[in-house]
Amino acid sequence: MKYVIGLLCLNFIVFFHELGHFIFARIFGVKVLSFSIGMGPVILHKTIKGIDYRLSLLPIGGYCAMEGEKDFQKALEDGSPSVSKNPESLYGVHPLKRAMIAFAGPFFNFILAIMAFTVISMVGYTYYTTSNKIVIPDETIESPAREAGLLTGDKIIKINDMQIETFLDIQQQVAIRPKEELKVTVDRDGEILVFYITTLINKDQGNGVLGIMCDLNEHLKLEAPTYSFFPAIGQGFVETGKTISMTFKTLGILFKGVKLTNVVSGPARISSILGESVQEGFAANFRAGLYSILELISLISISLGIMNLLPIPVFDGGIILFALIEFIIKKEIPPKLQVKIQFIGIIIIALLVALSVSSDIFYFISQWRTSK
């Protein structure tokens, strides 16, 4: 059941992304041929005003097919030096309009995250953590904090310029900063001390490690603040901005020697995580379930939006990049060059798919072994 729930959530995120392309294509006069929820063979479809709306067999995404997406390939086959200038075609409209249509998908992902965070800010949630008092592990565990001079009982009150109140705050600040020097301010029995500590990296999970533990005698049950409608919208923007920033930092961690098969997830693992989180959340209470599903939808939607903005051919970011180049140089990119660039993009996507699928396989094998 958790996979069904997860797939439904994942498909909704992809649907919202494709809805952005659909709406902006219509705004800028590009003809939409079909709009599908799901991929692969079509199960159901209905044509309304020239657009074929489809429900496809494989619940792993969706698409918005537009007039002229393959025009440069057709031009190459016909030996033409340029693509068709059909005003209803994706490559027949002004380059800036094409860039906006491509940007609309990721933009809608960010809008979805803002909406989800807005609801979270209005409803609120309960969370459990411990205080900012730390415990230093024994000598058998590598600890940059211990080597720098931190002691059990110290209270971390600031990391860099970020105020720290709970152990959750510490985790959030350290996790996204592996192999980085941190300015850690502690309160030691009323005396304020400053330490400079370079974190380690957990190569299995890709997070930074300070080498400290929480004080289990300092349990806290806290309520997140709630907001009325308009302040909640503002908070939605703030949280989305923070998450976008965190996601970019996380992308940088991929180049610090982490095990990619552990930190890169495919649709199967994402669906599993989504479904499991939703089930566990609603098993506790409705508010916990709502928070779980909306937070994960926000995180995945933002990740999908940022991934699609990467300047890789075939991705939205690649279309935006070449549309901007065309606008700047005032010259159309030759169809032959576009086909070669797209081929490179297809290879990159194939490698990413292979990585995500192998990552999912390794993950579920390890889960199966753990359960035995």
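The values are calculated or read from the model by the stated rules, or taken from the named source; none is laboratory data. Since the structure is predicted, the reported quantities are computational estimates derived from the model, not experimental observations. All Cβ positions, even for glycine, are placed from backbone atoms using ideal geometry, and neighbour counts span all protein chains on display. In case anyone asks, the SASA skips ligands and DNA or RNA and just uses the protein heavy atoms, side chains included. Shrake-Rupley method; radii C 1.70, N 1.55, O 1.52, S 1.80 Å.
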- Taking the inverse of the average 1/r across all pairs of different Cα atoms in segment 97-149, what Kirkwood radius in Å do you get? 16.1 Å
- Using the heavy atoms of the protein chains and a 1.4 angstrom probe, tell me the accessible area per residue for segment 1-45 in square angstrom. 50 Å²
- Message: Explain nothing, just the number: dipole magnitude of segment 83-205 about its Cα centre with +1 on each Lys and Arg Cβ and -1 on each Asp and Glu Cβ, in debye rounded to the nearest 20.
- Response: 840 debye
- Message: Using a 7 Å offset from the Cα along the Cα-to-Cβ direction at both L324 and K74, what is the distance between the two label points in nm, to one decimal?
- Response: 2.9 nm
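Would you mind checking the pairs K31/K70; K31/K97; K155/K249; K70/K97 and listing those with alpha carbons more than 24 angstrom apart?
The answer is K155/K249.
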- Message: From the C-alpha coordinates alone, can you work out the Kirkwood hydrodynamic radius of segment 203-252, in Å?
- Response: 14.5 Å
- Task: State the percentage of accessible surface on segment 158-243 attributable to carbon and sulfur atoms; use a 1.4 Å probe and exclude ligands, DNA and RNA.
- Result: 52 percent
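Hey, what does the equivalent ellipsoid look like for segment 165-249, semi-axes from the Cα gyration tensor as sqrt of 5 times each eigenvalue, largest first, whole Å? Intermediate results must be reported in sequence, preceding the final value.
Working: eigenvalues 142, 80, 35 Å².
Ellipsoid half-lengths, sorted descending, are 27, 20, 13 Å.
Using only Cα atoms, figure out Rg for segment 289-348 and give it as a multiple of 2.2 N^0.38 Å. The partial results should precede the final answer.
Numbers: Rg = 16.1 Å, N = 60, 2.2 N^0.38 = 10.4 Å.
Taking N as the residue count of segment 289-348, the ratio is 1.55.
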- Could you work out the equivalent-ellipsoid semi-axes for segment 79-198, taking the square root of 5 times each eigenvalue of the Cα gyration tensor, largest first, in whole Å? 51, 20, 12
- Item | Virtual spin-label span in nm between Q172 and E147, 7 Å along Cα→Cβ | 2.8 nm
